[in-house]
Amino acid sequence: MIPSCSTDPLTIPEWRVSEGLTPYPDALAAMEARAAAIRAGTAAEAVWLVEHPPSYTAGTSAKPEELLEHRFPSYAAGRGGQWTYHGPGQRTAYVMLDLHKPHGSVPARDVRAYVHGLEEWMIRALDRFNIRGERREGRVGIWVVKPGGAEFKIGAIGVRVTRWVSWHGIALNVDPELSHFGGIVPCGIAEHGVTSLHDLGVLATMEEADSALMAAWAEVFGPQAMPAAPASLQTTPS
């Protein structure tokens with residue numbers, strides 16, 4: 001049982017951290033099941049932290065020609081957006097919330113505000129490492145400016161909302177193999193590269209990145225439960 005400041009276990013998101021690498025199809029199935037359980041009122045909202053084996057995933061706007069090389073398995077994700085890489089060293093956070101109700105600064109039934117909240121979550125987490133993450137008009141995700149003025153993407157966002165329950169979420173580059181992004185046009189943007197905490201000289205561990213995300217969560221989305229012991233996503237409260 002995750003400690004909670006509420007008497008109702010369904011009012012605070014349950015945090016899960018999976019060890020090892022979670023195959024992308026397994027994550028899709030688990031998210032879909034959890035989202036259905038949230039809609040049914042039989043499971044708590046959840047934030048699920050995973051790493052995937054090297055994979056390319058296609059959002060609903062992905063163009064086939066922007067999969068440049070078939071280096072790794074590719075999957076239709078069903079989320080918004082275009083092509084994204086997932087792999088070891090990247091923290092993917094899947095967020096399953098009931099958007100019928102407000103969460104912190106995010107009002108109810110406002111997908112645009114929800115996406116803005118996910119952006120703010122990453123920006124505040126990066127700030128804990130003295131990295132300035134920024135939004136860019138017309139470009140999804142979070143960007144940093146390196147010395148010399150070149151812009152690089154450090155965090156991706158892709159969401160799906162089904163009957164006002166969110167799934168999918170964010171991907172923060174902690175220390176992935178950046179050359180793996182070369183097999184796609186990430187998010188349809190060819191003119192800018194990708195970076196990571198380690199690439200920027202911040203040698204954070206995945207655990208430290210998780211701690212930053214957990215601390216920043218409450219500043220944007222409101223109260224959180226403490227994370228459970230490492231475990232896969234469950235469809236019912238533990």
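The values are calculated or read from the model by the stated rules, or taken from the named source; none is laboratory data. Values in this document were obtained by computation on a predicted structure and should not be read as measured data. Cβ atoms come from the backbone with ideal geometry, glycine included; neighbour counts cover every protein chain shown. Just so you know, the surface numbers come from the protein's heavy atoms only, side chains and all, with ligands and any DNA or RNA stripped out. Shrake-Rupley method; radii C 1.70, N 1.55, O 1.52, S 1.80 Å.
Only one of the listed residues (97, 49, 118) is farther than 20 Å from residue 162 by Cα, at pLDDT 95 or above and either surrounded by 21 or more Cβ atoms within 10 Å (Cβ to Cβ) or not aromatic (Phe, Trp, Tyr) (or both). That residue is 49. Each residue in the stretch 103-115 was checked for being free of Cβ contacts under 8 Å to residues at least 24 places away in the same chain and of a type outside the set (Asp, Glu), and 4 of them qualify.
Going through the stretch 170-184 one residue at a time, which ones are open to solvent by less than 10 Å² (accessible area, probe 1.4 Å) and in contact with a Leu (Cβ under 8 Å, 6 or more places away or on another chain)? Result: 170, 172, 173, 174, 183, 184. When the stretch 197-213 is limited to residues that are within 15 Å of residue 177 (Cα to Cα) and within 16 Å of the chain's Cα centre (by Cα), the one that is least open to solvent (accessible area, probe 1.4 Å) turns out to be 197.
Regarding residue 40, is this residue hydrophobic (A, V, I, L, M, F, W, C), out of contact with any His (no Cβ under 6 Å at 6 or more places or on another chain) and without any contact (Cβ under 8 Å) to a residue 40 or more places away in the chain? So residue 40 passes the test. Note down all Cβ pairs under 8 Å where the first residue falls in the stretch 84-96 and is among the basic types (Lys, Arg), the second is at pLDDT 95 or above and not in a strand (DSSP E or B), and they're at least six residues apart or on different chains. From the stretch 84-96, the pairs are 91/51; 91/174; 91/206; 91/209; 91/210; 91/213.
Candidates are the residues of the stretch 63-92 that are among the small types (Gly, Ala, Ser) and modelled with pLDDT of 95 or more; the one that is nearest to residue 207 (Cα to Cα) is 89.
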